[in-house]
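Data block below; observations after.
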């Protein structure tokens, strides 16, 4: 018996949701690349200085939108992978919600007004909380057998 056979069939939704988030991340990275060209911020500079670039704030907002998503990615992936073992459909649904909120977080941030990241983006923490609960449930279930 392989390890894949130990997972519920519905775990495939968890895997596909994670793949979707990878595409979202690649799209955000592409948006940062476009912003680099548009606002003339060349590598290896991560953030533009307002004293050197009149468009620094808007570029930095695009960069931060992606950077924050990268910072949250390991926790999101771990919670999806572990919680999905016991609750694959719930985790896949919460993961989809998280991806949608991350899209709006990025789009709002990219306007140059950091507050706009919170209109829909602020609800991403609810998805993470749900994933954390699923992961705790999985751990308790493993311990109790």
inquiry  = Looking at segment 57-65, can you tell me whether even one residue there is in contact with a helix residue (DSSP H, G or I) (Cβ under 8 Å, 6 or more places away or on another chain) and loosely packed, with under 14 Cβ neighbours inside 10 Å?
reply    = no
note = Among helices (runs of 4 or more DSSP H) entirely inside segment 1-108, those with 3 or more residues being modelled with pLDDT of 95 or more are 11-39, 56-86
ask   = Among the listed residues 82, 96, 6, which satisfies the condition of being in contact (Cβ under 8 Å) with a residue 60 or more places away in the chain and under 25 Å from residue 137 (Cα atoms)?
value = 96
query = When you go through (1) within 30 Å of residue 6 (Cα to Cα); (2) crowded, with 19+ Cβ neighbours inside 10 Å; (3) in contact (Cβ under 8 Å) with a residue 40 or more places away in the chain one by one for residue 73, which number turns out not to apply?
reply = (2)
query = Under the condition of being part of a helix (DSSP H, G or I) and modelled with pLDDT under 95, which residue from segment 118-140 is farthest from the chain's Cα centre (by Cα)?
reply = 118
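The values are calculated or read from the model by the stated rules, or taken from the named source; none is laboratory data. Please read all numbers here as calculations on a predicted model, not as lab measurements. Neighbour counts are summed over all protein chains in view; Cβ atoms, including those assigned to glycine, are modelled from backbone coordinates with ideal geometry.
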